[in-house]
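Here's the structure, in structure tokens; my notes come after.
Derivation of every value follows stated rules applied to the coordinates shown; laboratory data play no part. This is a predicted model, so every value here is computed, not measured.
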Amino acid sequence: MAELTVSGGTHPILKDDYASEWMGIEVLALDDGHATIRMTLRQEMLNGFGMAHGGMIFAFGDTAFALACNPANPKPGEAGIDSGNITVAAGVDINFLKPAFRGQVLTAVANRRASTGRSGLYDIQIYAADPGAGAPGTPQPAPAGAAPAATLPGQLPTDTATDAPTWELIAEFRGRSRTISKK
């Protein structure tokens with residue numbers, strides 16, 4: 001299996017994550033309590049209506065959630081795949097706002113909102129862009145290596161030159177985490 005890599009190495013939870021590899025997920029950014037990932041919708045990810053299957057959008061958001069919950073390089077005593085403790089989903093809610101279609105590039109931006117004891121709360125915004133769109137006012141993909149930077153939940157990233165939205169928000173995912181023993 002080819003490991004999904006990030007700048008500076010590989011995140012340990014992706015080492016044997018065959019689902020994320022199959023989905024073609026690319027990790028763009030990782031930080032304490034934050035993750036940004038990207039993938040392109042393929043034919044086999046669509047439902048009978050020709051739009052992204054909700055399960056694909058959910059799985060994509062869930063991967064961003066897992067990366068934001070589990071530090072790539074945990075500090076002593078912190079949960080991490082090699083520490084004996086891991087952080088998993090205790091519950092999630094997703095709201096599908098708009099459909100996404102084959103060939104669109106999806107970007108998920110996950111951020112920790114609160115953490116206390118073994119529990120955490122995370123918001124994940126999922127955006128879509130047409131890779132070939134060029135008409136004014138239509139969603140545009142981020143430049144290679146860049147990702148939309150949502151500063152507030154639900155806020156669309158904008159083109160700083162025109163102040164026009166560059167991505168469409170297609171789903172909001174809220175995750176509740178719990179740190180547990182992996183034994």
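For ALA89 and ASP31, the difference between the fully extended length at 0.36 nm per residue and the C-alpha to C-alpha distance is 19.0 nm.
Given 20 °C and 1.002 mPa s, compute D for segment 20-122 with the Stokes-Einstein relation, Rh being the Kirkwood radius over Cα pairs; round to the nearest whole µm²/s. It comes out at roughly 146 µm²/s.
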